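Nothing in this text is a laboratory measurement; each read-out follows from the coordinates by a stated rule. On a predicted model such as this, the values are computed, not experimentally measured, just so you know. We place every Cβ from the backbone using ideal geometry, glycine too, and count neighbours over all the protein chains shown.
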Amino acid sequence: MKLKQLESLLGDLQQFSNPKVELEQYPTGPHIASRLLYTAENSFDDISNKVVADFGCGCGTLGAAAALLGAEQVIGIDIDSQSLEIASMNAKDLELDIDFVQCDISSLGWRGQIVDTVVMNPPFGTRKKGVDMDFLFVALKVASRAVYSLHKTSTRDYIKRTAKRDLNASSAEVLCELRFGVPQLYKFHKKKEVDIAVDLWRFVPRRSGERTINLRSAV
């Protein structure tokens, strides 16, 4: 599938109808989502025929992109039931087979590296300091091949240092810098849209381990 076709399909997905500010719910736009997954597949072969988990999946954009690019299995995980309902409808509209699990990432009961690749657009930590690193900590424990994640460019040095020193990443590479468009979703937003500089990261975990997954024991 070509990049423009992928972006077009993602652009038709439903997004948050009632976003929750405490969860930092912002839609991952089709431009960024398509490039994240397209890069993961075409530059590193980390998507097709792989088990892919979408952490904090929201409305399911990243997971849908993974499925469209031929992932063997996609698991979308989010704490918010309303978001998962939208994600499920999006998957159905695209005729995609995606498994969804309602769970707080910090309470995820997976043991070992049981997925190949994790993709995620975690909360930036504006409301809850350090939540972005909580997501990365768990992702690097359960992925055997790679973790793709978006983080504010302003945190670049901290992310790289912490991932390699404390989170067991063997490598942490910024693939590109992107502009994340934040629309006027909440009352405190004064502008129609604000662009935030974000880095697209690829992290490689140190360990390798088991691959099979039992969704019933995942929470």
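A few remarks follow.
- Mean Cβ count within 10 Å, highest first, over the residues of peptides 55-65, 154-164: 55-65, 154-164
- Stokes-Einstein diffusion of the stretch 142-183 at 20 °C, 1.002 mPa s viscosity, Kirkwood radius from Cα pairs, rounded to a whole number: 184 µm²/s.
- At q = 0.14 Å⁻¹, base-10 log of I(q)/I(0) for the stretch 24-72 (Debye sum, equal scatterers on each alpha carbon): -0.30
- With viscosity 0.890 mPa s and temperature 25 °C, the Kirkwood radius over alpha carbon pairs of the stretch 1-147 converts through Stokes-Einstein to a diffusion coefficient of 164 µm²/s.
- Seen from every direction in turn and averaged, the convex hull around the alpha carbons of the stretch 66-166 projects onto 7.2 nm².
- For the cross-link pairs 4/92; 129/164; 92/129, the ones whose C-alpha atoms lie over 31 Å apart are 92/129.
- If the segment from residue 102 to residue 72 were pulled out straight at 0.36 nm per residue, it would be longer than the present Cα-Cα gap by 8.7 nm.
- Sorted on the mean count of surrounding Cβ atoms within 10 Å across their residues, most packed first, peptides 195-201, 33-39 read 33-39, 195-201.
- Förster radius 30 Å - calculated FRET efficiency between residue 8 and residue 82, Cβ distance, rounded to 0.05: 0.70
- Spherically averaged projected area of the stretch 19-103 from its Cα convex hull (nm²): 5.1
- As a length-normalised measure over Cα pairs under 8 Å and 6 or more apart, the relative contact order of the stretch 26-183 settles at 21 percent.
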